[in-house]
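Novice: Mind having a look at this structure? Questions to follow.
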Amino acid sequence: MLDPLDLAKRLIAAPSVTPATGAVFDALEAMLAPLGFAVHRFTRGEGLEGSEEAPVENLFAIRPGPKGSRHFAFAGHLDVVPPGDGWASDPFEPQERGELLHGRGAVDMKGAIAAMVAAVAEVPQEAGTISLIITGDEEGPALHGTRALIDYMQAEGHQPDLCLVGEPTSVNRLGDMVKIGRRGSVNIFITVEGTQGHVAYPHLADNPLPRLVAILAELDALTLDTGTKWFQPSNLEITEITAPNRAHNVIPAKGEARISIRFNDLHTGKSLSDRVCAIAEKHGGKARPVISGEPFLTEPGAFSRLVSAAVEAETGIAPELSTTGGTSDARFLRAVCPVIEFGLCNATMHKRDEAVAIPDLAALARIYARIARDALALTDSQG
């Protein structure tokens with residue numbers, strides 16, 4: 001098997017703060033081309049650097065199997081969050097210290113992509129078609145990343161039967177958790193307009209803040225649901241309140257707030273947006289929703305069983321099937337085929353001195369190889 005530790009070091013050594021382009025994709029292409037993969041790279045987005053429309057690089061690599069064979073896809077991202085200050089070593093100079101490999105992206109998720117490359121090298125081409133769906137924009141706006149890759153795949157007729165996303169799902173040790181779903185996410189921006197005036201002459205002004213407070217109080221009192229079999233209850237959180245006003249004796253002209261809702265499969269982004277908009281309008285305000293993703297659930301079945309079996313075979317752990325946590329690009333890939341997430345321990349992701357246990361890289365590569373082989377061997381009736 002290719003050494004996933006060496007592969008991870010090569011990826012970490014290519015700085016790729018979101019949105020990622022260039023050198024890190026060069027490194028991945030150099031790993032995949034010798035394994036027989038046809039690699040297609042493209043950039044989407046034409047905005048200025050730092051804007052949501054900034055250019056994003058994406059990579060789709062495919063190694064076709066025999067005609068009519070099944071198609072299994074790995075998916076992930078090469079972009080990383082900014083490292084911040086205070087690291088014990090350069091975040092983009094991978095460093096081994098004891099049994100840990102340190103570097104930005106070691107866990108989220110260059111280590112997993114290294115394991116994917118090592119894994120696909122162990123799967124014979126005659127077993128079926130394998131692809132890698134890799135974006136440079138998962139940590140950012142996610143406008144021109146996986147969604148652009150899906151557009152490309154559909155245009156070219158590439159249709160995976162199953163997909164595994166390598167997000168760091170493990171909690172306390174490798175293999176203890178597999179994600180079979182995620183809640184949806186919507187952020188809603190609320191504005192209430194008024195008329196500025198002197199606080200001593202309220203009859204000459206129109207204070208928007210009592211109406212904003214009324215909107216937020218009604219929203220905060222909502223019980224959206226009590227959860228479902230596979231999902232925790234949906235929750236609505238007030239995340240920002242602003243009323244630009246530097247003077248103590250001025251009634252402001254406007255009040256604004258932002259709420260965030262994480263919701264299960266009892267709702268849609270639109271249904272919740274409509275509900276919030278109606279409450280805002282009732283009190284004289286306006287609401288602008290931005291839906292980040294809908295909830296999804298890959299019902300337990302053949303796919304989750306083979307993933308769990310592969311994990312248990314290599315770690316001795318029967319993983320918990322979960323839908324907890326934040327969003328991921330699985331929210332887009334769900335529209336393509338059944339998708340499950342499994343990867344490294346997430347304790348240090350996005351943190352200073354991010355690190356992965358070196359033995360976990362090799363174990364994850366073996367797990368991924370098992371999953372790919374078993375997924376390609378499924379019959380259509382099994383999944």
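The values are calculated or read from the model by the stated rules, or taken from the named source; none is laboratory data. All of these numbers come straight from a predicted model, not from anything done at the bench. So basically every Cβ, Gly included, is an ideal-geometry build from the backbone, and we count neighbours across all protein chains shown.
Novice: Out of segment 239-249, which residues are loosely packed, with under 14 Cβ neighbours inside 10 Å and out of contact with any His (no Cβ under 7 Å at 6 or more places or on another chain)? Don't jump to the end; show me each part of the working.
Specialist: Within segment 239-249, the first condition is being loosely packed, with under 14 Cβ neighbours inside 10 Å, and the residues that meet it are 239-240, 242, 244, 246-249.
Passing the criteria: THR239, GLU240, THR242, PRO244, ARG246, ALA247, HIS248.
Novice: Consider only pairs whose beta carbons are under 9 Å apart and that are at least six residues apart or on different chains; among these, list those whose first residue lies in segment 357-368 and is without any contact (Cβ under 8 Å) to a residue 40 or more places away in the chain and whose second residue is of a type outside the set (Lys, Arg) and part of a helix (DSSP H, G or I).
Specialist: none
Novice: Here's a check for you: in segment 266-294, which residue that is assigned to a loop (DSSP other than H, G, I, E, B) and at pLDDT 95 or above is nearest to the chain's Cα centre (by Cα)?
Specialist: THR268
Novice: Another question, if that's okay. Quick check on this structure: which one of ALA287, ALA247, ALA302, ALA253 is closer than 24 Å to SER185 by Cα and of a type outside the set (D, E, K, R)?
Specialist: Working: ALA247 fails: closer than 24 Å to SER185 by Cα; ALA302 fails: closer than 24 Å to SER185 by Cα; ALA253 fails: closer than 24 Å to SER185 by Cα.
Step by step, each of ALA287, ALA247, ALA302, ALA253 is checked, and only ALA287 is closer than 24 Å to SER185 by Cα and of a type outside the set (D, E, K, R).
Novice: Pairs, please: C-beta under 7 Å, at least 6 apart or cross-chain, first residue β-branched (Val, Ile, Thr) and in segment 81-105, second assigned to a loop (DSSP other than H, G, I, E, B) and surrounded by 11 or more Cβ atoms within 10 Å (Cβ to Cβ)?
Specialist: Here the result reads VAL81/THR18; VAL81/GLU139; VAL81/HIS350, each pair linking segment 81-105 to a residue that is assigned to a loop (DSSP other than H, G, I, E, B) and surrounded by 11 or more Cβ atoms within 10 Å (Cβ to Cβ).
Novice: Considering segment 329-368 alone, what residues qualify as being closer than 17 Å to MET1 by Cβ and aromatic (Phe, Trp, Tyr)?
Specialist: TYR368
Novice: Turning to a different aspect of this structure: Taking THR169 and the conditions (1) touching a Leu at 6+ places or on another chain (Cβ under 6 Å); (2) under 30 Å from ALA61 (Cβ atoms), which numbered condition does it fall short on, given that it satisfies the others?
Specialist: Every condition holds for THR169 apart from (1).
Novice: Which of the residues that make up segment 352-369 are charged (D, E, K, R) and crowded, with 21+ Cβ neighbours inside 10 Å?
Specialist: Selection gives GLU354, ASP360.
Novice: Would segment 177-192 turn up any residue that is part of a loop (DSSP other than H, G, I, E, B), more than 30 Å from ALA309 (Cα to Cα) and not β-branched (Val, Ile, Thr)?
Specialist: For segment 177-192, residues part of a loop (DSSP other than H, G, I, E, B), more than 30 Å from ALA309 (Cα to Cα) and not β-branched (Val, Ile, Thr): absent.
Novice: Related question: Tell me which residues, restricted to segment 197-224, are in a loop (DSSP other than H, G, I, E, B) and crowded, with 16+ Cβ neighbours inside 10 Å.
Specialist: ALA205, ASN207, PRO208, LEU224
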